[in-house]
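Engineer: This is the structure, below, for whatever I ask next.
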Amino acid sequence: MATKKKATKKVKKAAAKRKPNAAFMKPMTPSAALGAVIGGNAMPRTEVTKKIWAYIKRNKLQDSKNRRNINADEKLKEVFGGKKQVSMFEMTKLVSKHLK
């Protein structure tokens, strides 16, 4: 009897596989300020986040003491509403204002 229960659990796990959210995959157009950082082409939110993180790492903008904070350079200051430093969680909220 125990083997039948194990078999049904495996079937349920396979059926519960995650699907990508269509809202995240919809191409969004960045504002001029955000476009200066990631480019002006329309792209999904997931790609926007990847490009911002690539820019942050390429320019070494992560705070050395607290890695969750991002130090803004001149381009990112416009995106962050003039703030010199934001947390990575606050960053996503500020970036979403620049996507249409």
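Engineer: Using the crude model of +1 on Lys and Arg Cβ and -1 on Asp and Glu Cβ, and no other charge, please compute the dipole size for the range 26-96 relative to its Cα centre, in debye to 20.
Structural biologist: Details: 15 positive and 6 negative charges, 54 e Å.
Dipole of the range 26-96, to the nearest 20 debye: 260 debye.
Engineer: So, one more: Run the numbers on the range 26-96 and let me know its relative contact order in percent, using alpha-carbon pairs under 8 Å that are six or more apart. Working shown, then result.
Structural biologist: Details: 81 pairs, mean separation 17.4, N = 71.
The normalised contact order for the range 26-96 reaches 25 percent.
Engineer: Can you work out the FRET efficiency for the pair residue 18 and residue 58, with r the C-beta to C-beta distance and R0 = 30 Å, to the nearest 0.05?
Structural biologist: On the way: r = 30 Å, r/R0 = 1.00.
The calculated FRET efficiency here is 0.50.
Values quoted throughout were computed directly from the atomic coordinates according to the rules given, and no laboratory measurement underlies them. Only a predicted model underlies this, so the values are computations on that prediction, with no experimental measurement involved. We place every Cβ from the backbone using ideal geometry, glycine too, and count neighbours over all the protein chains shown.
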